[in-house]
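Shown next, in structure tokens, is the structure this report addresses.
Computed from the coordinates by the stated procedures, all read-outs in this text should not be read as laboratory data. Since the model is a prediction, treat every value here as computed from it, not as a measurement. Virtual Cβ from ideal backbone geometry, glycine too; neighbours counted across all protein chains shown.
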2 protein chains.
Amino acid sequence: MADVAQLSTSLRRGTLEFCVLAMVETEDRYGNEIVRRFGDEPSLAASEGTIYPLLSRLRRAGWLDSKWAESPAGPPRRYYALTLSGRAALEHFRTEWVSFRQTVDRLVGTGEVA
Amino acid sequence: MADVAQLSTSLRRGTLEFCVLAMVETEDRYGNEIVRRFGDEPSLAASEGTIYPLLSRLRRAGWLDSKWAESPAGPPRRYYALTLSGRAALEHFRTEWVSFRQTVDRLVGTGEVA
DNA sequence: TGGACCTACCTTGCGTCGCAAGGTACTGTG
DNA sequence: CACAGTACCTTGCGACGCAAGGTAGGTCCA
């Protein structure tokens, strides 16, 4: 059960993968970079153990493409880019997200006036 | 992997339980009633196999209380009510949800202008 | 040269959850 | 008495988050 401390853990579910897609939409990025960027988002913080398997799944699903490139200092990096079907999936999520968000707002309320 | 058909399945994760809490916030409700009400929400549809175990978890977590009552026609119903700590959890979710929602809007965009 | 450290990748194991399918039982109707 | 409707719950499977553990390339400095 999601006690209060783990609340945001399961909130991320189903959203994180599309945040990743959005993150590589305009620019190729590599795994560790993505992990660090999510670390800056308090509502979305996710560790290596979450991001790397997620990137593999997105690659297998054909939504991401990857190519190796050398690092200016350190081991080589695997850069990810959005594929055509990845872009389509992201677009589809955007519309799905809007209606989902509205439904939740309506059902649980946000403290604002209805 | 969440293909497009299962997209909303995992979106629900982490949200559904609080929609349930919100649903019994102002009025006691029983399981089948909750299932039917979610059936009317296209973004949240969830079946018995999801709702009943969820209700049990919420009860074990101390967020819901239940009492049996006879039905005007049919087998007895188990009515659920929000406990004090359930109410606190729901309030906590409401603030968490608002910031989560904003983060996702910002990261994936919604098609609206930034 | 060699040790310490950083960066970068990935896997293993555990626990949780959604959900289709299957199961039990009470009630009213023909 | 059979049947259909209502209402509850469980089982088994697959997917996922994530802490922890593992490998390896690169730089720095003594």
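I'd like the orientation of helix B:48-60 relative to chain B: the angle between its Cα long axis and the longest Cα principal axis, in ° from 0 to 90, rounded to 10.
Once rounded, the angle reads 80 degrees.
What is the extension gain from A:Ala81 to A:Tyr52, computed as 0.36 nm multiplied by their sequence separation minus the C-alpha to C-alpha distance, in nm to one decimal?
9.0 nm
Considering all alpha-carbon pairs of the range A:4-108, what whole percent are spaced by more than 20 angstrom?
So the portion of pairs separated by more than 20 Å is 44 percent.
Under unit Cβ charges (Lys, Arg +1; Asp, Glu -1), what dipole magnitude, rounded to 20 debye, does the range A:1-95 have relative to its Cα centre?
Values: 13 positive and 12 negative charges, 54 e Å.
The dipole of the range A:1-95 has a size of about 260 debye.
So how tilted is helix A:84-108 from the main axis of chain A? Cα-based, degrees 0 to 90, rounded to 10.
The angle comes out at about 20 degrees.
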